[in-house]
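What follows is a set of notes on a single structure, which appears directly below.
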Amino acid sequence: METINLCDNKDFPKKIGNGSRILGVDPGKKKIGISISDPGQKIATPLKTIINKKFRTFIEELNNLILEYEIKGIVIGNPINMNGSLGPRSQSTKDFAFNVLKVINLPITLWDERLSSEGAFKLIGDLDINSSRKSKILNHHAAAFILQGYLDFLNK
């Protein structure tokens with residue numbers, strides 16, 4: 001039986017290659033934020049929020065996005081504790097990533113998402129929209145914040 005492994009942040013670019021889009025994922029219990037990079041892997045753009053009802057439904061939506069945008073890799077936000085330790089939420093994210101790897105044959109890496117929701121909220125805070133609308137777009141903006149962090153690391 002083949003062992004399923006997550007990619008190291010430094011090995012991930014070798015596996016996906018240049019000129020390919022990357023998906024950013026901010027997994028949550030109720031909502032999963034999705035973002036996408038440009039083919040040059042410089043800019044992350046918020047794409048959508050998927051309501052997390054059933055894992056199978058999420059995978060179907062994810063597969064559709066992978067095909068539509070010709071995605072070559074996935075960056076998943078890893079909620080590391082502020083002191084750098086790994087807690088239960090981080091383990092839950094790892095489990096989520098391994099479950100995705102069982103059904104999606106793409107390189108996946110985890111990226112430190114500390115303060116991503118707070119950063120995304122600050123970014124959308126200046127938008128001239130009401131609070132309920134802000135909460136609807138927070139997840140995919142957090143996913144973009146996570147993916148942009150990885151893209152900045154990649155392009156440093």
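Which of the residues belonging to the stretch 13-26 are surrounded by fewer than 24 Cβ atoms within 10 Å (Cβ to Cβ), touching a residue at least 40 places away in the same chain (Cβ under 8 Å) and not polar (S, T, N, Q)? So that I can check it myself, show each step before the final result.
Filtering the stretch 13-26 down to residues surrounded by fewer than 24 Cβ atoms within 10 Å (Cβ to Cβ) leaves 13-21.
From what is left, the residues that are touching a residue at least 40 places away in the same chain (Cβ under 8 Å) are 13, 15-17, 20-21.
Matches in the stretch 13-26: Pro13, Lys15, Ile16, Gly17, Arg21.
Tally the residues that are closer than 17 Å to Leu6 by Cα and out of contact with any strand residue (DSSP E or B) (no Cβ under 6 Å at 6 or more places or on another chain), restricting the search to the stretch 62-88.
3
Among the residues of the stretch 51-69, is any of a type in the set (A, V, I, L, M, F, W, C) and in contact with a Phe, Trp or Tyr (Cβ under 6 Å, 6 or more places away or on another chain)?
Within the stretch 51-69, not a single residue is of a type in the set (A, V, I, L, M, F, W, C) and in contact with a Phe, Trp or Tyr (Cβ under 6 Å, 6 or more places away or on another chain).
Condition check ((1) β-branched (Val, Ile, Thr); (2) out of contact with any helix residue (DSSP H, G or I) (no Cβ under 8 Å at 6 or more places or on another chain); (3) at pLDDT below 95) across all residues:
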{"position": "Ile108", "(1), (2), (3)": "yes, no, no"}
{"position": "Trp111", "(1), (2), (3)": "no, no, yes"}
{"position": "Ile124", "(1), (2), (3)": "yes, no, yes"}
{"position": "Ile137", "(1), (2), (3)": "yes, no, yes"}
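If I ask for residues that are in contact with a helix residue (DSSP H, G or I) (Cβ under 7 Å, 6 or more places away or on another chain) and either surrounded by fewer than 18 Cβ atoms within 10 Å (Cβ to Cβ) or more than 19 Å from Gly28 (Cβ to Cβ) (or both), which ones from the stretch 57-104 would you list?
Within the stretch 57-104, Ile59, Ile71, Lys72, Gly73, Asn99, Val103, Ile104 meet the criteria.
Please verify whether the stretch 26-38 includes one or more residues that are within 15 Å of the chain's Cα centre (by Cα) and among the polar types (S, T, N, Q).
yes
The values are calculated or read from the model by the stated rules, or taken from the named source; none is laboratory data. On a predicted model such as this, the values are computed, not experimentally measured, just so you know. Note: ideal-geometry Cβ built from the backbone for every residue, glycine included; neighbour counts use all protein chains shown.
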